[in-house]
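A short write-up of the structure that comes next.
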Amino acid sequence: QVQLVESGGGLVQPGGSLRLSCAASGSIFSIYVMGWYRQAPGKQRELVAAITSGGRPNYADSVKGRFTISRDNAKNTVYLQMNSLKPEDTAVYYCNAELLPLGSPSLSDYWGQGTQVTVSS
């Protein structure tokens, strides 16, 4: 079994910062892409940022210059540093990993349980 466990969400004022973490554990052979998605009430889930195993990042236009994604391959952990937060960043943030489970011939997508980020004064 594979688990993704997120932490770091919360309430922050506009202009503030938060750091999200997501650790993958279980029967994992290799992790390829790790990323963060978010879903606001009444909206579709959208990609925020993703990073390859080689460290190449990709960002949604709405967060470029404010958010930074990074990962520690040795710990199977991905981070999202969020600065200059805006009220429109309010959403449930989900961690995602595209990985190869032990003993499996194909890649699979796994999701965390989600962590709430609320930006409000």
Rg and Dmax of the chain over Cα atoms: what are they, in angstrom? 14.2, 49
Backbone N under 20 Å from the SER70 label point (7 Å along Cα→Cβ), restricted to the range 44-59: 48-59
Of the listed peptides 96-104, 25-33, what is their order by residue-averaged count of other C-beta atoms within 10 Å, with the highest listed first? 96-104, 25-33
At the level of C-alpha centres, the distance separating the range 1-32 and the range 82-121, in angstrom, is 7
With +1 on each Lys and Arg Cβ and -1 on each Asp and Glu Cβ, how big is the dipole of the range 50-121 about its Cα centre, in debye rounded to the nearest 20? 200
Only Cα pairs under 8 Å and at least 6 apart count here; give the relative contact order of the chain as a rounded whole percent. 36
Could you list the residues of the range 47-81 with an amide nitrogen less than 13 Å from a label point located 7 Å from the Cα of ARG19 in the Cα-to-C-beta direction? 68-72, 78-81
Solvent-accessible heavy-atom area per residue, rounded to whole Å², over the chain at 1.4 Å: 53
Of ALA74, ALA24, ALA91, the most mobile residue in a GNM of the chain (C-alpha springs, cutoff 10 Å) is ALA74
Partner aspartates and glutamates whose C-alpha sits under 20 Å from that of LYS64, ignoring same-chain residues fewer than 8 away, are GLU46, GLU88, ASP89
Per-residue ³J(HN,Hα) for the range 27-40, Karplus 6.51 cos²θ - 1.76 cosθ + 1.60, θ = phi - 60°, Hz, x for Gly and Pro: 7, 10, 8, 7, 10, 9, 9, 10, x, 10, 10, 9, 9, 8
Can you give the relative contact order of the range 15-56 as a percent, counting alpha carbon pairs under 8 Å and 6+ residues apart? 33
Carbon plus sulfur, as percent of the 1.4 Å-probe accessible area of the chain, comes to 48
Given the protein chains as shown and a 1.4 Å probe, how many square angstrom of THR52 are accessible, to the nearest 10? 40
Can you give the charge dipole size of the chain about its Cα centre, rounded to the nearest 20 debye, using +1 on the beta carbon of Lys and Arg and -1 on the beta carbon of Asp and Glu? 200
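The values are calculated or read from the model by the stated rules, or taken from the named source; none is laboratory data. Please read all numbers here as calculations on a predicted model, not as lab measurements. Because the Cβ atoms are built from the backbone with ideal geometry, glycine has one as well, and the counts that use them run over all protein chains shown. Accessible surface is based on the protein model in full, side chains and every heavy atom, while ligands, DNA and RNA are left aside. Shrake-Rupley method; radii C 1.70, N 1.55, O 1.52, S 1.80 Å.
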